[in-house]
Amino acid sequence: MGRPRDASSLDPALVTDNESVEVCDQIYDRLLNFKPGSTTPQPGLATRWEVTEGGRVWTFFLRRGVRFHDGTAFNAEAVVFSFERQRDPFHPHHRPDFQYWSNNYLNIVSVEAVDEFTVRITIDEPYAPFEANMAMFPVGIVSPAAVETWGKEYGDHPVGTGPFRLERWDRGDRIVLAKNRDYWGGAPNIDRLVFQSVPDARQRLVALESGHLDIAYSILPEELQFVELHPELQLHKTAASNVTYMAMNTTHPPFDDVRVRRAVNHAVNKEPIVKLIYQGQAVPAQGPLPPTQWGYHSIKNPYEHAPAEATRLLAEAAAEGRFDPGKVHTLYIPSDPRPYLPDPDGVARVLQANLEAVGVKTKLVSQPFATHMRTVQAGQHDMAIHGWVGDNGDPDNFLYVLFDRNNTKPGLARNLAFFRDPELHGLLTWAQQSDDRDERVRYYARAQELIHRMAPWVPLAHSQIAVAARYDLAGLRISPNQQVNYRGVRRER
């Protein structure tokens, strides 16, 4: 597999980038796993589970006879260890940069081993997305023995129970995984997976065409037709659950003024971005949720491309001293292509020109993705182009994670607009606590209208995911969260 960049870590509790998650998904199981090609939870290391006390107590009955890649036994204590090192700040292997825990799992009060193969998890109040969250990568079950051995270096020496095990990692170059012949779900068809870093998109395509690669990610949009027409290549597409957006830091003037944020929304023309940059492999976004996501709400009065209205709003703000036409604002972008953002610089240039046309001056700050993440999560930006891939098929994973005030802690923030609205917090909390989907849909509709009205983002696009592969690979299925389960992939001659 050729891809733009290497993984950052292989500790599932630490990672946030797609390249790391992709590899972790092959190495680890969760209590629940997603059904291949979907975000539907199914039994994983738990064969069944029960929910009691009004949705607050979850009891998981574990699979027997499973062993970690290091030969140690999987049991309830391993589950407790994997959760508690993230939950408990006094755990000897806790780290403050376990980012997903603070965004998705803070409601967990306790994790207990009832017996050797039964685990009880108690949460503070009913939480509708909990089941789906148990299938997400951050709660991959790690080998306690391996963590004890490697400590802070565990992310370089991962040990799980998954279908593949780490054989070798040459940092910045390649990760080699070998199949787990004793995997409880049946050994994979492929003996070895090699995740090769190939930063240049054209080189990835050339290597795929020549047979040096079997799969290539992040093919340039303008080269997708070449893949489709090539007799020895095939293109696998799926409507991914994602969004690309430009966040405005609402703690930085002038973006603390809603008129300025609305003006920026009116200034941006999404059509050339979708048609030229994405080559039609995307749809313009009205809001954060993709149209394929349940809970999606069609905005009644979306922001039209209206430079005159943008200019009027900015003039109104300037007259009150809330906007300085001479000030230059930073616009941060990743230099690496992302699954939802194939050409970051191209998108940024369009946005910069749109903003310049209405009197908003910007300076582009392009950084490698890991640096970009650290910078924008710390809140250093005025504006930032970023994106999100839904992890679990639940609207909460977009709306709560990306907009709730609980996710604005500098350094760990997922809410890159640093938008803190009490009414929105209430709506999202009520939606989490309801077990009635129709009621949740109503809450989410109100939340999306509020987000639209307050305009902390410019939603840009929901892109289609396309993976190029050699013609003889079968069983390649891409989930809406953009992950591939390689256990089912096989070569056909």
*asked:* With the crude spin-label approximation of a point 7 Å out along Cα→Cβ, what separation in nm comes out for Gln380 versus Gln203?
replied: 2.7 nm
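Let me know the shape class of the chain, please: from the alpha-carbon gyration tensor, a ≥ b ≥ c as square roots of the eigenvalues, rounded when a/c is under 1.5, otherwise prolate if a/b is greater than b/c, or oblate.
oblate
Between His425 and Ala318, what FRET efficiency comes out of the Förster formula 1/(1 + (r/R0)^6) with R0 = 25 Å and r the beta carbon distance, rounded to 0.05? Before the final figure, lay out the partial values.
Working: r = 31 Å, r/R0 = 1.25.
Approximately 0.20, to the nearest 0.05.
Which longest uninterrupted range of the chain lacks any chymotrypsin sites (Phe, Trp or Tyr not before Pro) assigned by DSSP to a loop state (not H, G, I, E or B) and surrounded by at most 13 other Cβ atoms within 10 Å?
No qualifying site falls inside 91-293, the longest such stretch.
What is the extension gain from Arg48 to Ala357, computed as 0.36 nm multiplied by their sequence separation minus the C-alpha to C-alpha distance, in nm to one decimal?
Gain on stretching Arg48 to Ala357: 105.4 nm.
Checking the a/c ratio against 1.5 first, then a/b against b/c, what shape does the Cα gyration tensor give for segment 142-272?
Taking the square roots of the gyration eigenvalues as a ≥ b ≥ c, segment 142-272 is oblate.
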*How about Lys270: which lysines have a C-alpha closer than 22 Å to its C-alpha, ignoring those fewer than 8 places off in the same chain?*
Lys300, Lys361, Lys363
_Charge sum, other residues only, whose C-beta stays under 9 Å from Asn107's C-beta, Lys/Arg counted +1 and Asp/Glu -1_ = -2
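Rounded to the nearest 20 debye, what is the charge dipole size of segment 1-160 about its Cα centre when +1 sits on each Lys and Arg Cβ and -1 on each Asp and Glu Cβ?
Working: 14 positive and 23 negative charges, 69 e Å.
Computed about the Cα centre, the dipole is about 320 debye.
Kindly put Arg30, Arg67, Arg85 in sequence by how many other C-beta atoms sit within 10 Å of each C-beta, fewest to most.
Ordered from fewest to most neighbouring Cβ atoms within 10 Å, Arg30, Arg67, Arg85 come out as Arg67, Arg85, Arg30.
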_Based only on other Cβ atoms within 10 Å, what is the fewest-to-most ordering of His462, His372, His305?_
His305, His372, His462
*Kyte-Doolittle mean at least -1.0 and Cα extent at least 15 Å along the axis: which DSSP H helices of the chain qualify?*
76-87, 307-319, 344-357, 422-433
*Taking the DSSP beta bridges in the chain as the whole, what percent of them are antiparallel, to the nearest 5?*
85 percent
*Residues Ile123, Ile175, sorted so that the one with the fewest Cβ neighbours within 10 Å comes first*: Ile123, Ile175
_For the pair Ala445/Glu125, report the inter-label distance in nm, with labels modelled 7 Å from Cα in the Cβ direction._
2.4 nm
_Mean separation of Cα contacts under 8 Å (6+ apart) over length of the chain, as relative contact order %_ = 20 percent
*Post the alpha-carbon centroid distance, segment 1-76 to segment 429-476, in whole angstrom.*
22 Å
*Straight distance only, please: which aspartates and glutamates reach the Cα of Lys35 with their own Cα at less than 17 Å, same-chain residues fewer than 8 apart left out?*
Glu22, Asp25, Glu131, Asp391, Asp394
*What is the list of residues in segment 265-298 whose amide nitrogen lies under 16 Å from a point 7 angstrom out from the Cα of His305, following Cα to Cβ?*
265-286
*Could you tell me which GluC sites (Glu not before Pro) in segment 102-182 are loop residues by DSSP with no more than 14 other beta carbons within 10 angstrom of their beta carbon?*
Glu116
_Approximate spin-label separation Lys237-Asp97, in nm, with each point projected 7 Å along Cα-to-Cβ_ = 3.9 nm
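What does the charge dipole of the chain about its Cα centre add up to, to the nearest 20 debye, if the Cβ of each Lys and Arg holds +1 and the Cβ of each Asp and Glu holds -1? Could the numbers behind the result be given before it?
Details: 53 positive and 61 negative charges, 106 e Å.
So the magnitude is around 500 debye.
Read the figures in this text as sums done on the coordinates, not as results from a lab. The model shown is predicted, which means the values in this text are computed figures rather than measured ones. Positions of Cβ are generated from backbone atoms using ideal geometry, with glycine treated the same way; all protein chains shown enter the neighbour counts.
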